[in-house]
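Presented below is the structure to which this report refers.
No value in this document is a laboratory result; all are computed from the given coordinates. Bear in mind that the values here come from a model prediction, so they are computed numbers and not experimental data. Counting neighbours? That spans all protein chains shown, and the Cβs are built from the backbone with ideal geometry, glycine included.
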Amino acid sequence: MIAAADIREFCRSPDWLLAGIDIANRQCSFANVSRQTYLDSPFLDHRIRPMPSVVRSAPAGRLVEELAGTEAEFPPGFIIHCAFAGSTLLASALNHPGLALVLKEPRILSVLAGHIRQARSAGRNAAAFDDSMADLVLSLLNKTYAADERLIIKPSNYANVLLDYLPDRYPASPLLLLYTDAKRFLVSNLKKERESRKMLPVFLAALWQDSDYAESAGLPDWQALTWLQQCFVLWHCQLYRFMRFCQPRPGQRIGLLSMKQMLDRPQDALTAVARLFGLSMDGELIRTVVEHGVFTRHSKESDRNYSPRQHDLELAAIETQFAGRIEQTMDWAQTSLARIPVQFDRKYCLLD
């Protein structure tokens, strides 16, 4: 029998990170972490560091009872992003004890996204299934170390299906849509071609279920495309979701930011993002982050010096090497995907 005090800790303390959910047995599992884990880990999945040595489980029913009637002082903020858009860098730049606790791609949200898609493809009552599961998962993530600390959640882009759910459940939540341009996306995939070829089919198969993109774009089965065309379609499909999401929503703050804007104008970008999320990051802190903090190190290898300039030089070399393939793919997209131009309503853009 789990003590009531333990149930309260699971529901209230960020030191217990929701790690898994067993739907059949109605059990939730929690990994014992620390504030330092949230600072040091680029991702809260199998790459978490240090790897938690203590994992405990609790009945979902008792957790639901403990959560009943409770509400966090501030709604969580969300960073929804496409791949290769600098989201890990941005999340690290915002993650300051006392100001914000940032959850960087917690594994449980990708698990939740998988369950949502399974329920939809199986023809079950998707709305009720999605809401009950998502409600519990997000409630168990929605906790901070201090009452005035803001929570920001950055799901994996595999979990962008949550865009179907967030406006209704968290209508007051600030939400940032972070993206990159098409050419940079193609070059980034070429830089990590082996990893891309492995993961791309998983992402495309998932995203194909999430919206009417395939029908709207007039595309054949994505499997008939070349690998680099598939990369472009993955980017285009995600931005299509972002464009569809940008519409007036009473009480909800939505912001758009490109990776290029963030790297070219980091202080302006951080100031605008902090304002969106209600963070009291002053100019001195922002300058420190840009000039001496995470903007000077590799976003996934914090002990490695790195800069936006180095990143741009690496991508420029790859772009030159594969210029012909990139140009062919861009030309194909201009013709084949002309039915869906990428065009955002500028009133949602955080920077001009």
**Prompt:** If you take the charge dipole of the chain about its Cα centre, with +1 on Lys and Arg Cβ and -1 on Asp and Glu Cβ, which of S110, H311, I254 is farthest toward its positive end?
**Reply:** H311
**Asked** By how many nm would the segment from W208 to S57 grow when fully extended, if each residue of separation counts as 0.36 nm and the alpha-carbon distance is taken off?
**Response** 51.0 nm
**Asked** Binned at 10 Å from 0, what are the whole-percent values of the Cα-Cα distance distribution for region 154-212, short to long?
**Response** 18, 42, 30, 10, 0
**Fill in**
At the level of C-alpha centres, the distance separating region 11-64 and region 179-206, in angstrom, is 29 Å
**Asked** Under 18 Å Cα-Cα from K347, which aspartates and glutamates qualify once same-chain neighbours fewer than 8 residues away are excluded?
**Response** D268
**Asked** What value, in deg cm²/dmol to 500, does the helix sum -39500 (n - 2.57) over DSSP H runs of n ≥ 4 give at 222 nm once divided by the residues of the chain?
**Response** -15000 deg cm²/dmol
**Request:** Give the label of the value calculated from the structure for P(r) over Cα pairs in 20 Å bins from 0, in percent, choosing from (i) 24, 44, 27, 4, 0; (ii) 29, 59, 12, 0; (iii) 27, 57, 15, 0.
**Result:** (ii)
**Request:** Would you work out the charge dipole size for the chain about its Cα centre, treating the Cβ of every Lys and Arg as +1 and the Cβ of every Asp and Glu as -1, and quote it to the nearest 20 debye?
**Result:** 400 debye
**Message:** Counting other beta carbons within 10 Å of each residue's own, what order do C231, C28 fall into, fewest first?
**Reply:** C28, C231
**Prompt:** Is any helix in the chain, taking whole DSSP H runs, at least 18 angstrom long along its axis by alpha carbon and on average at least -0.5 on the Kyte-Doolittle scale, and which ones?
**Reply:** 107-121, 126-141, 193-210, 227-245
**Message:** Taking R0 as 35 Å, what FRET efficiency do you get between W227 and H46 from their Cβ-Cβ distance, rounded to the nearest 0.05?
**Reply:** 0.90
**Request:** Could you work out the longest stretch of the chain that avoids the GluC sites (Glu not before Pro) located in DSSP loops with at most 16 other Cβ atoms within 10 Å?
**Result:** 74-300
**Complete:** Mean shadow area (nm²) of the C-alpha convex hull around region 192-247 is 3.9 nm²
**Request:** Tell me which residues come under 5 Å, amide H to amide H, from L256 once H is placed; ignore anything under 5 positions away on its chain.
**Result:** L177, C349, L350
**Request:** Putting +1 on Lys and Arg Cβ atoms and -1 on Asp and Glu Cβ atoms, find which of T335, N95, A31 reaches farthest to the positive end of the dipole of the chain.
**Result:** T335
